[in-house]
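Student: Below you will find the structure I want to go over with you.
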Amino acid sequence: MNLFSKVPFYGIYIILTIVLSSCESKVETKTNAKVIEPVDLVYPQLDTENSRWFFFSSASRPFGMVNLSPDTEVDGAWGSGYRHKVDTVQGFSHIHAWQLSGLSIMPLTIENSDEQSIFTDFKSKFSHDTEKVSPGHHYLELEKYDIDVDLTSTKRVGFHKYSYPNKGKKRAILFNLNGMLGPNENTDGLLEQINNKSLKGQLTITKTGRRPKPVKLFFSIDLNTEIDSIERDDTTGNYLVVLKDSDSQVLMKAGISYTSNENARNNINAELDHWDFDKVVGDSRAEWNDLLGRIKIEGNTELARRRFYTDLWHGLQGRRIISDANGAYPDNTGKAFRIGQLPLDETGKPKFNHYNSDSFWGAQWTLNTLWGLVYPDIMEEFVHSLMQYYDDGGMVPRGPSGGNYTYVMTGASATPFIVSAIQKGVITENLEHIYEALKKNHMLEGIMGKAGYEHTTTIGGGLKYYIQNGYVPHPIPEGRFGGHQDGASMTMEYAYQDWTLAQLAKKLGYIKDYDYFMKRSKNYENVFDSSVSWMRPKNIEGKWRENYSPYEHENGFIESNGAQSTWFVPHDIEGLAELMGGKDSAVEKLNEQFKTAEKLGFTAGNSHSQELHPEYRNIPINYGNQPSIQTAFVFNKLDRPDLTQYWSRKVADKVFGGLSPATGYNGDEDQGLMGSLAVLMKIGLFQMNGGTETDPVYELGSPSFDKITISLQNGKELVIEAPRILTSKFEAETLQLNGSPYLKNSVRHSALMNGATFRYKFKNNRDQVE
């Protein structure tokens with residue numbers, strides 16, 4: 001298929017309007033005296049007016065156990081953490097993770113009359129005007145106490161620097177070890193003085209509706225100044241640590257662990273054996289810059305470049321380490337808690353880290369591609385971690401928290417992620433064991449049979465009906481056992497995941513299994529109603545849902561409507577098109593959906609909470625949540641690459657083009673999923689089936705930058721050149737690969753791994769070299 005065929009004029013016309021947001025005015029003019037690195041372009045405050053507990057990050061390393069940042073709201077998982085419009089700090093806590101929180105600390109000053117009231121009246125105003133935030137560092141000023149707060153961290157140790165007023169009130173630190181903190185309460189908080197400069201303690205991170213077991217947090221504290229006294233408040237159970245007078249800045253290390261105080265102490269010894277705060281800030285900056293710098297971009301506007309690296313930064317965080325520096329980790333998968341031990345290499349270091357993670361639901365279109373291409377080392381670690389959960393608890397998780405299963409979302413969402421890693425050569429060992437684990441997940445009593453947060457049964461997922469009848473009925477006849485019991489979506493999701501497992505069965509020579517799962521992968525056809533040309537829920541008797549509208553939100557479709565989810569057949573777009581009457585009919589249908597969605601900005605409002613709003617929930621394509629984020633690239637599979645490039649650029653510019661606290665992902669970012677999607681759309685590479693076939697395929701889109709250079713871990717480079725005049729319309733004419741004409745709209749993984757240079761040529765770009 002010729003990339004530029006099918007239409008007489010390859011009509012991608014884009015006028016880039018450069019709109020500088022309010023934050024842009026604060027960017028200093030750069031000179032040649034300082035080299036601007038990717039880390040300098042990250043804007044951490046993006047979308048923080050709409051953020052949730054685990055969204056915001058500042059004083060944190062990539063995937064760090066510690067994610068140290070200020071909290072302005074603490075009540076609930078949603079609308080909590082760092083919220084840009086709230087100007088009052090309630091503490092600086094060390095854990096902002098999927099269903100986890102803990103160790104909130106607040107520096108303050110007191111007079112003798114304050115000591116009792118300070119336990120409840122401790123919040124302080126601050127101003128964004130004096131605040132400084134960058135990856136690995138956060139600085140702000142507590143106005144109530146005249147204290148300058150500097151925060152940074154290693155992977156497992158928070159590092160604080162407090163500049164107190166030179167004279168006057170006593171210097172103190174409040175340890176809020178009990179009370180509501182984000183998604184859960186902290187209880188049973190204890191603090192104990194070890195010597196004149198050290199403390200240790202622990203607390204319980206209480207269970208939630210999503211994480212069914214409590215988790216213990218242990219911590220160890222070192223100060224560079226002496227402790228004068230410790231007072232515990234009987235009402236709150238929290239602790240006030242008063243420091244002796246000194247003119248020096250107060251430095252504090254806070255090592256944490258989910259296994260023991262000894263391991264919290266060991267984490268400090270292993271990662272922070274000095275008191276040089278600036279060195280840790282610099283080390284964190286360098287670590288972030290190393291990862292961000294694997295993709296270098298040129299051209300477009302400074303605003304676009306800043307947004308790109310902010311998106312990439314989001315794709316490299318959120319999911320958090322839970323294992324200690326020595327490889328100890330919390331295992332909550334069994335009936336009783338135990339401390340597990342990761343395998344060690346010949347030097348005694350853990351071979352990988354163990355992780356806390358939100359669901360991989362939607363990762364097939366995001367993390368699979370970004371990590372598998374640019375960060376295979378990260379992908380490898382996560383696969384090993386997921387398999388550790390299987391070895392411990394008998395299931396590959398779809399979203400573990402605190403060393404336990406949460407059953408977040410639906411299906412067996414880890415299957416495409418792991419299969420993609422295998423097909424790309426990231427994982428090459430123990431494939432038989434991995435296949436055994438994934439196959440178990442897809443059978444009765446496996447994780448696929450569990451609805452969202454269905455902890456004790458396997459009824460809500462309707463897997464027995466899917467196997468017996470070829471579809472999941474809606475509603476489930478037995479009743480509700482969890483969340484997201486939406487039969488049409490479940491049927492399509494299971495069918496896709498079955499197809500990905502079939503590809504691994506084929507690779508390993510399990511032909512009967514391959515045939516079995518390939519047959520199941522066609523089950524999506526059973527929820528397609530040809531009379532209306534939409535996916536449609538049907539009940540246990542096989543009757544279609546009455547009074548059906550494809551724009552009715554949920555009611556058979558998970559966090560989506562029928563119009564959005566009809567296209568959730570990533571493994572068989574051609575088969576779906578046949579059901580619709582052929583590719584031309586499918587193109588017309590989807591193109592009309594995009595035209596309608598464009599009028600609403602391609603999203604259901606500007607936050608996840610607005611998806612149920614009557615004004616937004618009827619949108620036919622929603623790039624604010626995962627179920628329909630593949631749709632722009634569906635056109636490639638329907639022989640209309642012109643529409644893939646047109647709509648993917650429209651979406652990238654509109655949905656992922658802003659740079660302010662008020663906007664960013666216009667929906668549910670989910671720990672790097674939407675940040676990764678934005679990166680892929682802007683570099684013009686996408687994998688429809690999550691990269692799960694033999695020698696995975698990348699669909700080509702429309703790059704947003706004049707030049708993109710991706711450093712591959714094998715030492716080769718992938719270069720994408722797409723020079724254009726920003727102020728004029730352009731029309732793509734040709735594409736070259738390694739200097740020769742390239743007539744396809746996709747490329748194989750092996751071709752990219754050998755090193756490759758793509759060059760796009762656009763009409764009216766007179767400055768471009770012929």
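Student: Return yes or no: is Thr301 in contact (Cβ under 8 Å) with a residue 60 or more places away in the chain, surrounded by fewer than 23 Cβ atoms within 10 Å (Cβ to Cβ) and either out of contact with any Pro (no Cβ under 9 Å at 6 or more places or on another chain) or within 26 Å of Ile268 (Cα to Cα) (or both)?
Tutor: Judged against the criteria, Thr301 is a match.
Student: Given the conditions (1) touching a Ser or Thr at 6+ places or on another chain (Cβ under 9 Å); (2) surrounded by 20 or more Cβ atoms within 10 Å (Cβ to Cβ), and given that Leu292 satisfies all but one, which numbered condition is not satisfied?
Tutor: (1)
Student: Confirm whether Leu240 is under 19 Å from Asn67 (Cα atoms), surrounded by 15 or more Cβ atoms within 10 Å (Cβ to Cβ) and modelled with pLDDT of 95 or more.
Tutor: No; evaluated as a whole, the condition is false for this residue.
Student: Another question, if that's okay. Would you point out which residue out of Asp668, Asp695, Asp706 is assigned by TED's automatic domain parsing to the domain that holds Phe594, within 25 Å of Ala97 (Cα to Cα) and among the charged types (D, E, K, R)?
Tutor: So the residue among Asp668, Asp695, Asp706 that is assigned by TED's automatic domain parsing to the domain that holds Phe594, within 25 Å of Ala97 (Cα to Cα) and among the charged types (D, E, K, R) is Asp668.
Student: Name the residues in the range 422-446 that are in contact with an Asp or Glu (Cβ under 8 Å, 6 or more places away or on another chain) and within 16 Å of Gly462 (Cα to Cα), would you?
Tutor: Matches in the range 422-446: His442 only.
Student: Of the residues that sit in the range 152-182 and are touching a Lys or Arg at 6+ places or on another chain (Cβ under 8 Å) and assigned to a loop (DSSP other than H, G, I, E, B), which one is nearest to Tyr407 (Cα to Cα)?
Tutor: Checking each candidate, the answer is Lys155.
Student: Related question: Assess whether Asn689 counts as being modelled with pLDDT of 95 or more and not hydroxyl-bearing (Ser, Thr, Tyr).
Tutor: Judged against the criteria, Asn689 is a match.
Student: Just a yes or no: is a residue in the range 197-210 at pLDDT below 95, in a loop (DSSP other than H, G, I, E, B), more than 30 Å from Thr456 (Cβ to Cβ) and assigned by TED's automatic domain parsing to the domain that holds Gln116?
Tutor: no
Student: Sticking with this one: Taking only pairs six or more apart or across chains, which ones have beta-carbon atoms under 7 Å, a first residue in the range 267-294 that is modelled with pLDDT of 95 or more, and a second residue that is part of a loop (DSSP other than H, G, I, E, B) and of a type in the set (Lys, Arg)?
Tutor: Matching pairs, first to second residue: Asn267/Arg156; Glu271/Lys155; Glu271/Arg156; Ser284/Arg61; Glu287/Arg61.
Student: Any residue that is at pLDDT 95 or above, assigned by TED's automatic domain parsing to the domain that holds Thr208 and under 19 Å from the mean Cα position of the chain (by Cα) - is there at least one of those in the range 100-112?
Tutor: Within the range 100-112 (the criterion being at pLDDT 95 or above, assigned by TED's automatic domain parsing to the domain that holds Thr208 and under 19 Å from the mean Cα position of the chain (by Cα)), the answer is yes, since at least one residue qualifies.
Student: In the range 562-575, which residues are surrounded by fewer than 24 Cβ atoms within 10 Å (Cβ to Cβ) and not in a loop (DSSP other than H, G, I, E, B)?
Tutor: Scanning the range 562-575 gives Ile573, Glu574, Gly575.
Student: Across the range 506-552, what is the number of residues that are hydroxyl-bearing (Ser, Thr, Tyr) and within 30 Å of Ile434 (Cα to Cα)?
Tutor: Going through the range 506-552 one residue at a time, the tally reaches 5.
Student: Of everything in the range 538-561 that's surrounded by 14 or more Cβ atoms within 10 Å (Cβ to Cβ) and basic (Lys, Arg), which residue is farthest from Gly470 (Cα to Cα)?
Tutor: Arg545
Let's see how each residue does on (1) of a type outside the set (A, V, I, L, M, F, W, C); (2) within 22 Å of the chain's Cα centre (by Cα); (3) surrounded by 24 or more Cβ atoms within 10 Å (Cβ to Cβ):
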| position | (1), (2), (3) |
| --- | --- |
| Asn618 | yes, no, no |
| Asn622 | yes, yes, yes |
| Thr631 | yes, yes, yes |
| Asp639 | yes, no, no |
| Gln645 | yes, no, yes |
| Asp653 | yes, yes, no |
| Gly675 | yes, yes, yes |
| Asn689 | yes, yes, yes |
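Student: Next up: Quick test of your reading of the structure: Asp668 fulfils all but one of (1) within 22 Å of Thr366 (Cβ to Cβ); (2) crowded, with 24+ Cβ neighbours inside 10 Å; (3) at pLDDT below 90. Name the failing condition by number.
Tutor: Against the list (1) within 22 Å of Thr366 (Cβ to Cβ); (2) crowded, with 24+ Cβ neighbours inside 10 Å; (3) at pLDDT below 90, Asp668 comes up short only on (2).
Student: Against the conditions (1) touching a Phe, Trp or Tyr at 6+ places or on another chain (Cβ under 7 Å); (2) surrounded by fewer than 22 Cβ atoms within 10 Å (Cβ to Cβ); (3) modelled with pLDDT of 95 or more, where does Glu598 fall short? Just the number, please.
Tutor: Unmet condition: (1).
Student: Could you please find all residues in the range 434-467 being within 11 Å of Gly482 (Cβ to Cβ) and either of a type in the set (S, T, N, Q) or not in a loop (DSSP other than H, G, I, E, B) (or both)?
Tutor: Those that are within 11 Å of Gly482 (Cβ to Cβ) and either of a type in the set (S, T, N, Q) or not in a loop (DSSP other than H, G, I, E, B) (or both): Gly449, Gly452, Thr456, Thr457, Thr458.
The values are calculated or read from the model by the stated rules, or taken from the named source; none is laboratory data. Just so we're clear, the structure is a prediction, and the values are computed from it rather than from any experiment. We place every Cβ from the backbone using ideal geometry, glycine too, and count neighbours over all the protein chains shown.
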